[in-house]
1. Sketch the reach of a paramagnetic label on SER2 as a point 7 Å from Cα along Cα-to-Cβ, and name the residues of segment 30-63 whose backbone nitrogen lies under 15 Å away.
2. Tell me, CYS181, CYS124 in order of fewest to most beta-carbon neighbours within 10 Å?
3. Rank these for me by crowding, LYS169, LYS125, going from fewest to most other beta carbons within 10 Å.
4. Would you list LYS196, LYS84 from fewest to most Cβ contacts within 10 Å?
5. Given DSSP loops and a limit of at most 16 other Cβ atoms within 10 Å, what is the longest stretch of the chain that contains no such chymotrypsin sites (Phe, Trp or Tyr not before Pro)?
6. Which value in Å does the Kirkwood hydrodynamic radius of segment 9-246 take, with 1/r averaged over all unlike C-alpha pairs and then inverted?
7. Assuming a strict under-21 Å limit between Cα atoms, what lysine pair count do you get for segment 9-246 once near-sequence pairs (fewer than 8 apart, same chain) are dropped?
8. With each label point set 7 Å from Cα along the Cα-Cβ vector, what nm distance links GLU236 and LYS59?
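Just so you know, all these numbers are worked out from the coordinates, no wet-lab data involved. As the structure is a computational prediction, the values presented were derived from the model and not from experiment. Neighbour counts run over all protein chains shown; Cβ positions are idealised from the backbone, glycine included.
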Amino acid sequence: MSERMKYKVAVVTGAASGIGQAIALRLAAEGAAIAALDVSEAGLKETVEKIAAVGGHAKAYALDISNATAVDATAKAILADFGKVTTLVNNAGIFDNHLTLLETDEALWDRIIAVDLKGIYLLCKALLPALQASGNATIVNLSSIAGVVAHGGGLAYTAAKHGVIGLTKSIAADYGPAVRCNAVLPGAVMTAMTEKVFAKGQGNAAVLEAISGSPAGRYAQPEELANAVLFLASDEASFVYGAQLVVDGGWTAV
Ligand SMILES: NC(=O)c1ccc[n+]([C@@H]2O[C@H](COP(=O)([O-])OP(=O)(O)OC[C@H]3O[C@@H](n4cnc5c(N)ncnc54)[C@H](O)[C@@H]3O)[C@@H](O)[C@H]2O)c1
């Protein structure tokens with residue numbers, strides 16, 4: 001076990017699968033104690049067991065991050081269990097399958113905004129006093145290339161992920177230097193969210209073409225995103241505030 005996150009207590013949302021599970025495992029391997037949050041109890045159990053198997057410490061909290069009452073109760077429970085919070089990784093999210101404006105009904109719009117944008121606002125607000133009290137805190141928000149360009153997702157997802165960048169800059173501006181807040185913008189990453197989009201022969205042709213035409217020429221594995229989150233969450237990023245770290249294999253560079 002390495003030491004880059006020693007003495008840190010990291011709250012990771014969406015920790016039951018995909019990028020969030022990879023982040024929880026990576027931060028734990030660097031010495032952080034992990035509060036793992038998700039709607040999926042089965043997935044959380046798997047994450048906690050994987051961390052325990054390599055000598056780390058993690059505890060599971062099942063909740064819907066779009067529910068303010070549940071978020072506040074979970075924040076209290078985490079502080080009671082761990083005594084402090086130094087690190088918040090807002091990773092949980094849902095996708096809208098590239099639906100355009102006319103294909104997006106009000107219920108889908110509300111749900112995407114509730115989980116992908118409001119959920120981050122709720123977690124940040126509930127944990128900000130504890131983060132400030134820790135004296136050297138970081139927040140890392142998972143946006144997306146859909147936070148800076150169209151066609152990384154549908155209308156609602158693109159709006160939400162652009163919103164995450166605005167929220168990130170506002171928190172960085174208002175709560176630095178004690179709280180460093182930054183965003184990671186993944187391109188295509190193979191997870192449960194995207195396996196259908198990437199499926200050979202039946203996936204999204206435009207997305208597959210963009211991936212194969214990018215400098216990396218492939219999609220990422222979740223661990224490659226976890227490395228970027230680790231950098232921003234660690235003291236190595238001590239002068240990085242309000243940044244948008246694009247980790248997309250060059251998709252948006254060409
Ligand atoms: N996979 C990609 O290509 C990609 C690209 C850009 C951005 N992202 C972003 O990365 C993050 C992680 O995505 P992923 O690909 O690992 O997806 P995933 O579906 O594998 O994981 C998302 C996790 O969030 C949890 N979750 C969903 N709604 C929740 C809620 N209301 N409350 C609590 N937990 C909830 C899910 O149960 C799941 O475990 C998301 O914010 C996503 O938008 C992913």
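1. Answer for this model: 30-32.
2. By the 10 Å Cβ count, ascending: CYS124, CYS181.
3. The order, fewest Cβ neighbours first, is LYS125, LYS169.
4. Listed from fewest to most nearby Cβ atoms, that is LYS196, LYS84.
5. Working: sites that count: TYR7, PHE239.
Answer from the scan: 8-238.
6. 17.8 Å
7. 15
8. Label-label distance for GLU236 and LYS59, simple model: 2.9 nm.
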